[in-house]
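Written below as structure tokens is the structure these notes are about.
Any read-out appearing in this document is the output of simple, stated calculations on the displayed coordinates, not a laboratory observation. Not measured: the values here are computed from a predicted model. Virtual Cβ from ideal backbone geometry, glycine too; neighbours counted across all protein chains shown.
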Amino acid sequence: MKKFITQYLLLMVLTISLNAQTSGKYQDAGSSVHYQYITTYDVAKLNKILNAELSEFLNGSSMPFENFKGKFTAPKYPVKLYRVKYNSVIPEKGNKPTVASGLVAIPENGKDSMPIVSYQHGTVFGKTEVPSFIDESMETKLMVAVFASQGYIVTGADYFGLGISTEPNSYLVKESSEQACVDMLFAAKQVLTANKIKQGPLFVHGWSQGGWTNMTFLRKLEELNIPVTAAGTASAPLDAAVTVNRWLNNYQPTDAIWLPGCATNFIFAKDQYEFPGLAARAIKPEYYQVAKDFYEYKIDWKTYFSKTKSKAYEMLTDEFKASGTMANDAFWTRLEEMQAYRWRCRTPLTNYYGESDEVIPVYIARLAEGTHQVLGGGSNTKAISAGPKADHRATYIYSLIHVKPWFDGFLK
């Protein structure tokens, strides 16, 4: 009996080891798309995300956890999580080939066809704080807990320069952001096909940087005649030129302390992808190296913050700030082209905004609604307030609570 138990335990250890090795390997989904099993979030884990982890996420917010407690539907299904790597190209670099990564989350509900929601993540200061490294991305965990646990497939691109990508961070770089998201959507379809799952209606959502990315991605999907059933955003910087100019030339006491990191990362991204030498022209010499190290992930946010200013305009040269006054040089002209709201959107769209958002002014968040009305696009584009106390994080949580049942309505 003792010998039998020993052999049984040895067999179990070998089985677990083999399973671990299998789950760690990439599987071929065809056409240079590969996917790797990460883990499964069970219902208990998904409940924890919507409670204890959400409470921690909202620590310090103007609308703490108590404002949202009990407002999410209890998770129904465990969710399998996969990291996907796929081939893409970089438009700003002459369609240079590259490899990017993203997440596919599949509910374990026994169905062979499910709706899919593509999520565009917000600003991060760590290379792996992205969907395919989901344990480091609270915003993605929330998407999985809200949508995937209820029967939606959730996907999300990491963007070029994040996740497994070896490229420079493509922070708010327009064509690269679109390309990463479009190719990730195609890659996700191949992963689903490999798992004998059909994609149902497509939805899209995004927060912060991802709100802007989601809008320019949505416009690209409409250009490609890829149907999107409905779209949402939260705290979207719809007009890049106005948003950046506001950061540089009109500091407000309520501005987030991490806006300087956004500003210098954006400048370095434009330097690397479109305007060589821009960073040296824009950033004061005493801050150039620390900003460069931060952009390249050589130092973390705390180190960056300790060595720089808490106001973006204090780190930038007078000449660069002045160039935004008329906004007529190549850099500012390019930012004008980054607007993500001036078209007659065919897709039902809701832009959520917070009246106490420390990053995105209400005026910018509501641009799509007003513009769409002026263009005669009908009433399918709406801006909805998350409330007078809603800051950046609270706006995102509010959007999740309200966009999910709105999406559900299109499935009936």
Spatial separation of Cα centroids for region 210-229 and region 131-197, in angstrom: 15
Which whole number of Å³ per residue matches the convex hull of the alpha-carbon atoms in region 241-337? 90
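With N set to the number of residues, divide the alpha-carbon radius of gyration of region 268-398 by 2.2 N^0.38 Å and report two decimals. Can you show the working numbers first?
On the way: Rg = 18.3 Å, N = 131, 2.2 N^0.38 = 14.0 Å.
Taking the Cα Rg and dividing by 2.2 N^0.38 Å, one obtains 1.30.
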Grab the beta carbon distance between K48 and N109, set R0 = 22 Å, and tell me the FRET efficiency rounded to 0.05. 0.65
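I need the helices of the chain that pass two filters: whole DSSP H segments spanning 24 Å or more by Cα along the axis, and mean Kyte-Doolittle score no lower than 0.5.
Values: long enough: 2-24 (33 Å, 0.65); 174-194 (30 Å, 0.13); 392-409 (26 Å, -0.21).
Helices passing the filter in the chain: 2-24.
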Testing the spin-label approximation: label points 7 Å from Cα along Cα→Cβ at K321 and N87. State their distance in nm. 4.8
Give me the number: length gained by fully extending V362 to T73, i.e. 0.36 nm times residue separation minus the C-alpha to C-alpha distance, one decimal in nm. 101.2 nm
Could you order the peptides 310-320, 141-151, 387-397 from most to least packed, using the average number of other C-beta atoms within 10 Å per residue? 141-151, 387-397, 310-320
Computed from the beta carbon distance with a Förster radius of 41 Å, FRET efficiency for A330 and Y37 to the nearest 0.05 stands at 0.35
Send over the Kirkwood Rh of region 134-189, from the inverse of the averaged 1/r over different Cα pairs, rounded to one decimal Å. 12.4
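What's the FRET efficiency of Y251 with E56 using the Cβ-Cβ distance as r and R₀ = 41 Å, to the nearest 0.05? Don't skip to the end; give the middle numbers.
Details: r = 30 Å, r/R0 = 0.72.
That pair, Y251 with E56, gives E of 0.90.
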Fraction of alpha-carbon pairs in region 327-398 farther than 20 Å apart, rounded to whole percent, equals 41
So how far apart, in nm, are the two label points at D408 and R346 if each is 7 Å from Cα heading toward Cβ? 2.9
